[in-house]
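Take a look at the structure below.
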Amino acid sequence: MTINPDLQGRSYPAAEVYDVGREKIREFARAVKATHPAHFDLDAAKALGHTDLVAPPTFAIIIAQRADAQLIEDPDSGIDFSRVVHADQRFIHHRPIVAGDRLVAELHVDGVRAMGGGAMITTRSEIFALTGENGADGSRESVSTTTSSILVRGEGQ
């Protein structure tokens, strides 16, 4: 199956809420060898003006990849995940992610470009923290924008 060129411009709505917990931040920080005390110690985070533990900047990838999964799992996309090579990842942070955040991400397909028998697909995840009464009123705050490019290899590549 070839990549659907009509993917460009498609958006996938925010799906499951990701609850950011202290242990999730600590585990991620250990995994990426981030050693700043604000990732592990509440007093150190509060001394910097944060309300709780602060996540390493690349923590946003967890939420972004959940949004990316909607595209990969969309049968209309034509994407065979076994043929995917991750090409690029960029982050723009609007504010730090902290323990206690309830995050959602909307996915936007910004580009689909044929390359040989495959395609380069560029996506953008807009990550928001639900605010107000757990976001029940639709209130949210922009947290991060991630941009990702994947190469889907064609047959025989």
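Bear in mind that the values in this text are calculations on the coordinates, not laboratory data. Nothing here was measured: the structure is a model prediction, and the numbers come from that model. A quick note on method: Cβ atoms are made from the backbone with ideal geometry, for glycine too, and the neighbour counts reach across all protein chains shown.
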Practice item. Give a residue-ordered list of calculated ³J(HN,Hα) values for the stretch 12-20 (Karplus: 6.51 cos²θ - 1.76 cosθ + 1.60, θ = phi - 60°; whole Hz; x for Gly, Pro). Key: 10, x, 4, 10, 4, 6, 9, 8, 7
Study note, to complete from the structure: Simple SL model, points at 7 angstrom along Cα→Cβ for ALA114 and ASP76; separation in nm is 2.1
Check your understanding: How much length is gained on full extension from HIS93 to ASP19, taking 0.36 nm per residue of separation minus their Cα-Cα distance?
Key -> 24.8 nm
Review point. Quick one: putting +1 on the C-beta of Lys and Arg, -1 on the C-beta of Asp and Glu, what dipole do you get for the stretch 34-145 around its Cα centre, in Debye to the nearest 20?
Key: 320
Exercise for review: Two decimals is fine: what is log10 I(q)/I(0) at q = 0.19, 0.27, 0.28 Å⁻¹ for the stretch 75-151, from a Debye sum with one equal scatterer on every Cα and no solvent?
Suggested key: -0.84, -1.22, -1.28
Check your understanding: Roughly how big is the stretch 16-96's charge dipole about its Cα centre, with Cβ charges of +1 (Lys, Arg) and -1 (Asp, Glu), in debye to the nearest 20?
Key -> 460
Review point. With labels modelled as points extended 7 Å from the Cα through the Cβ direction, what inter-label distance (nm, one decimal) is found for LEU42 paired with SER139?
Key: 2.4
